[in-house]
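Worksheet for the structure shown next.
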Amino acid sequence: VATGTLDGSGSSKARPSTTPKVSPGAARAAKGPAPVAPLMPAPPATVDFPRGGGSVLTPIEYRQAALSAPSDELARTKSKAGKRTNPQDASGNGVKKAKASAAKAGDKAKGVKAPVVEASAHLGAWATSGAPHHVDPLTLKRVVAGMRVLGVVREVRDQALIVALPDGISGRVPYAEASDGHAQQWEAALARDGDQSAAALEPLASSFAVGNVVRCEVTAVLRKATKTAAPGAVRKGIALSLRLSRLQARLGDAALAKGCPVVACVRSVEDHGAILDLGPPHLTGFVNAARLKGVDLSELKVGRVLTCTVAQAPPPADGKKDGARRVVHVAYDAAAEGSIVTSPAEGQAIADLLPGMLVTARVAKVVAGGLLASAAQFYPATVGVLHLPLGPESWPADGSWAQSAACAPGTKVRARVLYVDAERKTVAVTMRADLVDLRTSLPPAGLMGTRVQAGIVATVPKRGLVAIARAAPEASSSGKTKGGKKAASSLLSFASLDGLADSEDATPRLDGRDKGKAAKTAAKLAPGPEAREAVVVGWSWVDACALLSFQSSLLEAGVLAFSDVSPGDVRTGTVKKVGEFGAIVSLGPSVDGLVSKDHFSAADARLLAKTGRPGCKAGDAVQVVVLGVDPGARKLALSLKKELVKSDLPRVTEYEQARPGLITHGVVTGVRPFGCVVTFYSGVRGVVRAAELRATHGDAWDDDPRSCYTLGQVMRVRVVSVEPSRGRMCVSFTLDPSRVLGADEDGRPSGTNTASATDARGAGSAEDSVGVGSLVRVRVSSVKSDRYQVELEAACRSPGKAADPSCKEKAAYAPCLPERGEVSFAHLCDLFAHAPAMG
């Protein structure tokens with residue numbers, strides 16, 4: 001053992017020890033009793049250190065500990081040079097160190113700004129994670145299979161639902177995914193009838209209506225069309241499912257305690273109540289008729305979703321056989337359905353959150369495009385600018401919405417979950433009053449294409465701007481614009497970046513970095529009390545806002561909605577897509593029409609037959625003529641035929657407009673043995689009888705009628721006769737009426753004699769042109785085993801009288817085309833016994 005002493009110089013020198021060795025016992029006896037050490041808690045026998053560096057805290061305890069202490073991340077600051085520095089202490093050492101570091105590095109900055117530490121008192125769930133600086137919208141790229149989204153039914157079809165999702169996207173729900181009950185009906189019908197089972201199924205309109213709020217799960221995102229999809233499946237786009245077996249597959253006993261809220265779907269309606277689907281196959285819900293409030297048992301339909309409360313918990317699973325069902329008795333109150341709040345204990349994992357859950361949200365911070373909040377205390381949440389708790393009249397005109405009391409940090413607001421982003425571990429919520437109460441705002445009638453005065457109240461960088469749309473000044477006191485459409489009044493509206501300017505170089509990003517023309521556009525569209533003219537181009541169902549456009553080209557355009565076009569109009573459009581089906585031509589925003597292959601121009605048709613591709617391509621500006629329009633179904637039929645586009649002849653859009661002798665253009669859409677079917681506009685059709693065609697083409701018509709005319713061929717026709725009440729019209733390819741009204745030497749009509757109006761979809765009957773008891777001349781066309789097939793040639797004959805060939809005045813002469821008939825052998829003579837021999 002070496003000991004050391006300090007000399008005068010302060011250095012320590014080692015020297016050998018001369019102290020004799022003493023035993024430990026003797027040393028203790030010499031020193032006397034040892035001093036008593038302070039009492040220390042004895043360590044536990046076994047210390048619970050989780051393997052792998054885990055934590056012994058439960059998730060809730062960890063969250064509470066994180067929320068109670070400021071985050072280290074928030075204490076860090078950035079210097080002017082962009083480097084991290086230590087937080088400033090009370091003496092300002094942080095600033096001094098930053099200045100010294102900048103001077104040493106040769107930084108030209110004369111000083112460093114005082115670091116600012118952001119307060120974390122209201123950040124809540126965002127305190128333990130990096131808080132973003134903006135709220136991102138839900139785009140198609142962010143949608144993945146398994147995502148759960150709250151949607152609104154936009155369209156109800158017989159075998160599918162079209163559901164609108166947040167931020168303007170939409171998806172499709174097949175019949176088998178509407179509910180577990182509909183899935184059972186589909187599978188049963190498919191096993192019974194095969195692929196044709198859809199025709200016998202109950203339509204979805206009996207269970208769903210436009211405007212219903214539904215909870216969805218994304219089953220697939222198909223960015224390209226697939227041809228191998230199963231019957232009834234989605235072939236392209238976002239495929240959705242409303243089945244609770246997907247949404248609540250992990251529903252456990254902890255969430256089924258008495259009084260807990262639970263989402264159920266009606267499977268069937270019985271005499272004393274309704275059987276409900278809860279999700280897991282081993283759980284079945286039942287609501288007794290006595291526990292229904294605000295709704296009658298007869299009003300419940302298969303597939304209806306109810307937010308119920310557990311009245312009687314299911315029996316424990318102990319002792320139950322595997323796969324045995326357990327019944328959960330629930331109660332339903334229609335008035336209280338929109339006020340059931342989900343407590344944090346009922347969803348500890350973010351995967352357990354369902355869209356549509358009502359939670360308590362606490363505002364944490366105002367960022368670009370919305371708010372950051374804490375949902376149910378533990379979940380980081382975002383609130384888009386269109387889902388703030390502000391009505392159309394509550395938005396400040398100067399753009400200071402962030403200073404409103406509803407957006408103040410620390411404010412607690414009721415909110416509903418819009419969607420769960422499992423990739424970012426966040427949820428999007430809405431604070432709008434209508435969705436919180438499970439109500440939706442339907443678009444006003446005649447809104448599309450309405451010109452409004454928009455007051456800009458907010459700008460969203462890289463997205464667009466928010467405005468309050470009101471009726472245009474030229475609107476009359478009755479609430480209609482010049483075009484006769486109902487004007488919008490005080491509607492929350494949104495305009496995307498694409499709708500702010502006509503050219504790309506003038507389209508601003510609204511992020512403060514715009515230059516040139518874009519900067520001028522951004523300055524014109526700054527928030528303020530000034531109103532600017534805009535046009536409504538759409539409606540966002542989930543966001544409950546009108547979609548606006550400030551483009552001058554649209555303000556001057558005449559096609560803003562399907563109701564702006566009429567059959568026979570000639571319009572200029574842009575080809576959007578060309579495929580095997582034909583071409584899609586856009587006439588305006590959200591106004592697209594279909595040009596079938598039969599209505600390509602002659603040059604495009606020849607090129608299509610030769611190379612398989614038409615001459616037109618995407619982006620081409622073309623002139624089209626409107627064949628038909630259905631504004632309710634948003635369907636538009638167009639034609640590229642040059643003969644129709646440049647035709648100066650009258651356009652027949654109704655049977656009432658057709659009159660005998662009128663000459664117009666028509667398109668051959670059918671070639672049958674009885675004649676040619678010619679289609680005009682709005683589904684108006686006429687038929688050219690086979691007798692005229694046989695007289696024109698001879699044996700070629702009898703051998704192969706399709707060799708005489710082709711589908712899509714444009715012909716000039718003359719109206720012979722029309723019956724508007726029956727929707728029948730007879731036309732002729734012979735434009736000279738003298739050839740039809742003349743007679744030959746035998747007194748029969750020569751040329752192309754015409755009949756009274758016949759069905760444009762097929763051959764007419766003899767009763768349409770020949771009365772019962774009329775004496776007619778017939779020609780045998782074929783002989784069967786027991787009858788003759790004949791063709792009638794009837795002239796001006798009264799029942800029971802012979803024809804008068806001298807009657808040639810137009811008022812008295814009613815010529816008829818030959819019509820088919822049959823003469824059985826039994827009617828060949830008066831004696832029935834001689835009839836077979838004559839046949």
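The values are calculated or read from the model by the stated rules, or taken from the named source; none is laboratory data. From a predicted model like this one, the values you see are computed outputs, not experimental measurements. Cβ atoms come from the backbone with ideal geometry, glycine included; neighbour counts cover every protein chain shown. Side chains included, ligands, DNA and RNA excluded: accessible areas come from the protein's heavy atoms. Shrake-Rupley method; radii C 1.70, N 1.55, O 1.52, S 1.80 Å.
Considering only VAL626, PRO567, THR611, the residue lying farthest towards the positive end of the dipole of region 565-637 is THR611, judged by Cα position with unit charges set on Cβ. Residue ranges 584-594, 504-514 sort as 584-594, 504-514 when ordered by packing (mean number of other C-beta atoms within 10 Å per residue, highest first). The charge dipole of region 583-665, taken about the Cα centre with unit charges on the Cβ atoms of Lys, Arg (+1) and Asp, Glu (-1), comes to about 340 debye, rounded to the nearest 20.
Extents of region 637-739, largest first, come to 35, 29, 25 Å (Cα atoms, principal axes, whole angstrom). Highest mean packing comes first when the peptides 393-406, 613-626 are listed by Cβ atoms within 10 Å, giving 613-626, 393-406. One chain, two ends: GLN623 and SER590. Fully extended at 0.36 nm per residue, the span grows by 10.1 nm beyond their Cα-Cα distance. Entry comment: accessible area of region 483-606 is 46 Å² per residue, from protein heavy atoms only and a probe of 1.4 Å. Compactness of region 366-443 was expressed as the Cα radius of gyration divided by 2.2 N^0.38 Å, which yields 1.10.
LYS597 contributes an accessible area of around 100 Å² to the protein surface, as traced by a 1.4 Å probe with all chains present. Rolling a 1.4 Å probe over the protein heavy atoms gives region 650-733 an accessible area of 42 Å² per residue. Surface composition of region 560-601: carbon plus sulfur atoms contribute 47% of the solvent-accessible area (1.4 Å probe, protein chains only, all chains present). Compared with the direct C-alpha span, the chain from ASP736 to GLU822 gains 27.7 nm at full extension, assuming 0.36 nm per residue.
Within the assembled protein chains, the solvent-accessible surface assigned to PHE378 is about 20 Å², based on a 1.4 Å probe.
Mind scanning LYS141/LYS236; LYS224/LYS462; LYS365/LYS524; LYS141/LYS635; LYS576/LYS597; LYS141/LYS577 and naming the pairs with a C-alpha gap bigger than 18 Å? Listed pairs above 18 Å: LYS224/LYS462; LYS365/LYS524; LYS141/LYS635; LYS141/LYS577.
Bridges between two residues of region 552-646, per DSSP, are antiparallel at a rate of about 90%. The length gained by stretching the chain between ARG634 and LEU555 to full extension, at 0.36 nm per residue less their Cα-Cα distance, is 26.3 nm. Apolar share of the accessible surface for region 627-729: 47 percent from carbon plus sulfur atoms, 1.4 Å probe.
Of ASP167, ASP296, the order by accessible heavy-atom surface (1.4 Å probe, DNA, RNA and ligands excluded), from most exposed downward, is ASP296, ASP167.
Rolling a 1.4 Å probe across the protein heavy atoms gives region 162-316 an accessible surface of 45 Å² per residue. Checking every one of the trypsin sites (Lys or Arg not before Pro) in region 133-190 against DSSP loop status and a limit of 10 other Cβ atoms within 10 Å picks out LYS141. Ranking of GLU580, GLU533, GLU692 by solvent-accessible surface, largest first: GLU580, GLU533, GLU692 (1.4 Å probe, protein heavy atoms only, all chains present).
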